[in-house]
1. Test residue 151 against the criterion of being at pLDDT below 95 and either part of a strand (DSSP E or B) or in contact with a strand residue (DSSP E or B) (Cβ under 9 Å, 6 or more places away or on another chain) (or both), and give yes or no.
2. Sort through 166, 247, 174, 193 and tell me the only one that's in contact with a helix residue (DSSP H, G or I) (Cβ under 9 Å, 6 or more places away or on another chain) and at pLDDT below 85.
3. Of 218, 269, which residue is part of a loop (DSSP other than H, G, I, E, B), touching a strand residue (DSSP E or B) at 6+ places or on another chain (Cβ under 7 Å) and surrounded by fewer than 20 Cβ atoms within 10 Å (Cβ to Cβ)?
4. Where residues in segment 196-215 are modelled with pLDDT of 90 or more and surrounded by 15 or more Cβ atoms within 10 Å (Cβ to Cβ), which of them is farthest from the chain's Cα centre (by Cα)?
5. Filtering segment 285-308 down to residues that are touching a helix residue (DSSP H, G or I) at 6+ places or on another chain (Cβ under 8 Å) and free of Cβ contacts under 8 Å to residues at least 60 places away in the same chain, which residue is surrounded by the most Cβ atoms within 10 Å (Cβ to Cβ)?
6. Given the residues 114, 109, 118, which is the only one that is at pLDDT 95 or above and part of a loop (DSSP other than H, G, I, E, B)?
7. Is it the case, given these coordinates, that residue 182 is over 27 Å from the mean Cα position of the chain (by Cα), assigned to a helix (DSSP H, G or I), at pLDDT below 95 and farther than 27 Å from residue 81 by Cβ?
8. Output the residues belonging to segment 29-45 that are farther than 15 Å from residue 70 by Cα and either in a loop (DSSP other than H, G, I, E, B) or not assigned by TED's automatic domain parsing to the domain that holds residue 104 (or both).
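The values are calculated or read from the model by the stated rules, or taken from the named source; none is laboratory data. Just so we're clear, the structure is a prediction, and the values are computed from it rather than from any experiment. In this analysis, Cβ positions are derived from the backbone assuming ideal geometry, glycine residues included, and neighbour counts consider all displayed protein chains.
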């Protein structure tokens, strides 16, 4: 909740809770037998958690022919397993699994009002007031959730209508910002296609040549295990720390302690290539020494090729498509590095000049991406500010 000074409860308003049986009915989800699930639309839509949620209503991808626990149209669905707190509104009768609780409003409480008040308190719900994020909450914790309520249903609906109007405007802004982010991501692919526009069947222009990837770099797999005294002093990088397509490092707040099995050593001369699920297109240029997951392969440039040029080649469409096509494994496909080294790629006569131009374009694109991300974050913060403006009152433990 906001760190600003909160207001006294408005005249006529009161505090209530989800444990107030005169206002709500609480239904905890329960997963039906696995053999009753299907994806062909037989039975009722089956929702299991936050992954099924949309902006306001859930989107069915699984159905259940023999449901155990049901939610009805206009019930509020709350995610009760990580992440705890997000909400949606059921559009029709549906089956709910144990990752969801259904909150059914009775006369005197509007679901259109309650959804917004619960979204305002979402962060508090996720920690159940403890300050630490819960992996799951149970019926007692849900019943203890308190919220302010105006005196009449008409007042609740007036607040809900105004919030719907303002949030619709925010949604339009959010959609425009997300489309801008998508356009920037698409531009990166376009830049790489422009830099490496040829396939193996094409005739290359003068000054270009075909070169095996293995002539651009050497694979280095120097291992370090947890028993080495320097193991935990080195920064750890896993696949999750590298953003797809952008070469951006994503900190997770635990990079010194992470990775408790054998790792590979790297330094600022390497290119890290993500071989797991090569369609994710994860490449990183480290700026200092560290250790990485064995799903990341440290590569050392050969024959005076620059790291940035090698990174651009690895992220080009021809390499990504080849790595995906020749990957091994079913659910966890990995690039076959020996086959990848034999792939011939088209190279311009002056690769380092080309790399410098690529880096300039990519740097400009990254600035635009960061600006778009800041815009998205500002819009998300606006949603919270609008809700706090309505619902930030001093809390009173008056009971139900």
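1. When the stated conditions are applied, residue 151 passes them.
2. Exactly one of 166, 247, 174, 193 is in contact with a helix residue (DSSP H, G or I) (Cβ under 9 Å, 6 or more places away or on another chain) and at pLDDT below 85, namely 193.
3. Only one candidate passes the filter, namely 269.
4. 214
5. 296
6. 109
7. no
8. Matches in segment 29-45: 39, 40, 41, 42.
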